[in-house]
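Notes follow once the structure below has been shown.
Computed from the coordinates by the stated procedures, all read-outs in this text should not be read as laboratory data. Everything numeric in this text was worked out from a predicted model, so none of it was measured.
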Amino acid sequence: MYLYLLKCKGVISLQSLNAVFSNLRMRDVVDIVIVAVVLYKLFTLIKETRAEQLTKGIVVLLILTKLSEWAELFTINWILNNAMTVGTLAILIVFQPELRRGLEYIGRSRFFLLNL
């Protein structure tokens, strides 16, 4: 069903939308809400910090990696993929102060209950 939406090349019919929403379960809605709340909390934690600029840079690198894959630029894609592999460890090192602050915030307060 989801592949059908991708195959219709940008044209989404009412029948395909109906098929998606008719198969939507309450569990899916809860899952989407939880992910949205967690992402919102993460964005508020990194707002106006060094991590905000680093996150923008990472997003640009991810987009460039996908574009190079799509355009079949093999050398650039190989370089970006390997940079992402090494970058995973670098992210943990660079974001260490923000990760520590976030974990302290979660431990100090009732992160999910009071701040909704």
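Among all the aspartates and glutamates, which ones have a C-alpha under 17 Å from residue 56's C-alpha, if same-chain residues fewer than 8 places away are not counted?
Correct list for residue 56: 48, 98.
What Kirkwood hydrodynamic radius do you get for the range 48-116 when you take the inverse of the mean 1/r over all pairs of distinct Cα atoms, in Å? The partial results should precede the final answer.
Working: mean 1/r = 0.0708 Å⁻¹.
For the range 48-116, inverting the mean 1/r across all distinct Cα pairs yields 14.1 Å.
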